[in-house]
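Take a look at the structure below.
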Amino acid sequence: MEAALQADAVIYAAQAGEEQETAAVQDLIRALAGTGKTLVFLSGSGLLLQRTAGAWSPDVYAEHEPFPPEPLAGFHKAAEDAVLAAASEGLRAMVIRPGLIWGPGDHGHTSMIYQSVAATGAACYVGEGLNTYSPVHIDDVTRLFSLALEKGRPGGLYHAVAGETPNRWIAEHVAADLEVEARSVTPGEAAGVWGEFGALIMAASSRIRAVSAQPQLGWQPRHTDMLTMIGEDRLRHLATPSA
């Protein structure tokens with residue numbers, strides 16, 4: 001906590017377990033309360049994940065709209081709430097909640113669909129493949145952090161999103177790139193391809209709208225088509241079966 005007290009701003013971007021995250025966030029809030037310093041908490045749209053088994057969901061949420069949290073992410077939502085509440089304790093506390101992040105080093109849905117080709121010979125999606133995440137490029141996320149540090153309001157909650165891409169679209173583009181078929185799999189089959197947690201992610205929807213970042217921070221995404229990375233060598237490599 002000594003380093004946090006010496007800094008002008010603290011960004012929490014760790015991917016920690018429940019106990020670690022809860023303790024770390026509480027410690028940061030206690031240490032920084034009343035200092036007027038900045039604390040930015042990186043969250044994610046997985047909080048409002050919906051288990052649709054590959055079906056489309058009509059539900060899409062702006063920053064402060066209520067939603068039923070995904071049970072596995074309940075502790076993460078509690079950390080969000082604690083950070084936002086700390087804005088009333090003399091702390092410039094904010095939350096940034098990106099959608100599905102893509103770009104260099106991506107380990108998201110596009111990578112996983114390329115990996116499914118290595119496992120099955122086909123570009124796989126779950127059920128109808130209409131489950132939809134709201135993607136955003138990593139460069140746009142980092143720019144939003146810079147703007148939040150510069151202009152963000154205490155208690156600010158900012159979504160980062162640029163369009164929507166159903167999983168079936170991704171699979172069909174991967175299939176065309178590799179000249180294989182795009183294939184629907186059941187949730188049970190998906191677990192054999194991606195593991196239990198990966199299958200959960202690949203069968204769910206998580207749709208968000210960004211209504212605060214543009215008027216409050218002047219943020220607009222510069223990258224709006226996640227499918228432009230289809231065909232990159234780093235992704236094609238993932239479709240090669242391990243020896």
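The values are calculated or read from the model by the stated rules, or taken from the named source; none is laboratory data. Given the structure is predicted, the values throughout are model-derived calculations rather than measurements. Cβ: placed from backbone, ideal geometry, glycine included. Neighbour counts: every protein chain shown. Please note that ligands, DNA and RNA were not included when accessible areas were found on the heavy atoms of the full protein model with its side chains. Shrake-Rupley method; radii C 1.70, N 1.55, O 1.52, S 1.80 Å.
Take each peptide in 194-205, 132-143, 26-37, count the other Cβ atoms within 10 Å of every residue, and average; sorted highest first, the result is 132-143, 194-205, 26-37. With θ taken as phi - 60° and the Karplus curve 6.51 cos²θ - 1.76 cosθ + 1.60 applied, the whole-hertz 3J(HN,Hα) list for segment 68-80 is x, x, 4, x, 5, 10, x, 5, 5, 5, 4, 5, 3 Hz, x standing for glycine and proline. In the chain, a dipole from Cβ-located charges (positive for Lys and Arg, negative for Asp and Glu) runs towards its positive end, and of Ala7, Ala175, Leu235 it is Ala7 whose Cα lies farthest in that direction.
The accessible surface of segment 99-243, taken with every protein chain in place and a 1.4 Å probe, is 52 percent carbon and sulfur. Taking amide H atoms as placed 1.01 Å from N in the peptide plane, the amide H of Tyr133 lies under 5 Å from those of Thr165, Asn167, Ser206, each 5 or more residues away in sequence or on another chain.
The residues of the chain have, on average, 45 Å² of accessible surface per residue, using a 1.4 Å probe with all protein chains present.
Here, segment 74-134 is characterised by an Rg to Rh ratio of 1.21, where Rg is the alpha-carbon radius of gyration and Rh the Kirkwood radius.
Think of the chain as having a plus end and a minus end, set by charges on the Cβ of Lys, Arg, Asp and Glu; of Ala85, Thr132, Gly99, Ala85 sits farthest toward the positive end of this dipole. Springs join every pair of Cα atoms under 10 Å in this Gaussian network model of the chain, and among Ala93, Ala176, Ala53 the largest mean-square fluctuation is at Ala176. Taken over the chain, the alpha-carbon convex hull comes to 128 cubic angstrom per residue. For the chain, a crude dipole built from +1 on the beta carbon of Lys and Arg and -1 on the beta carbon of Asp and Glu, taken about the Cα centre, is about 460 debye to the nearest 20.
From the Cα gyration tensor of segment 1-91, with a ≥ b ≥ c the square roots of its eigenvalues, which class applies: rounded if a/c is under 1.5, or else prolate if a/b is larger than b/c, or else oblate? Because a/c hits 1.5 or more and a/b exceeds b/c, segment 1-91 counts as prolate. From the Cα gyration tensor of segment 50-164, with a ≥ b ≥ c the square roots of its eigenvalues, which class applies: rounded if a/c is under 1.5, or else prolate if a/b is larger than b/c, or else oblate? Since a/c reaches 1.5 and a/b is larger than b/c, the shape of segment 50-164 is classed as prolate.
Would you look at the GNM of the chain, springs on alpha carbons closer than 10 Å, and say which of Gln20, Gln214, Gln115 moves the most? Comparing Gln20, Gln214, Gln115 in a Gaussian network model of the chain, the most mobile one is Gln20. Would you mind telling me which residue in Val40, Val161, Val60 has the biggest mean-square fluctuation in a Gaussian network model of the chain, where springs connect alpha carbons within a distance under 10 angstrom? Maximum fluctuation in the GNM of the chain, among the listed residues, is at Val60. Along segment 223-239 the Karplus relation, 6.51 cos²θ - 1.76 cosθ + 1.60 evaluated at θ = phi - 60°, assigns HN-Hα couplings of 10, 10, 10, 4, 6, 5, 8, 4, x, 5, 4, 5, 7, 4, 4, 5, 7 Hz to successive residues, with x for each Gly and Pro.
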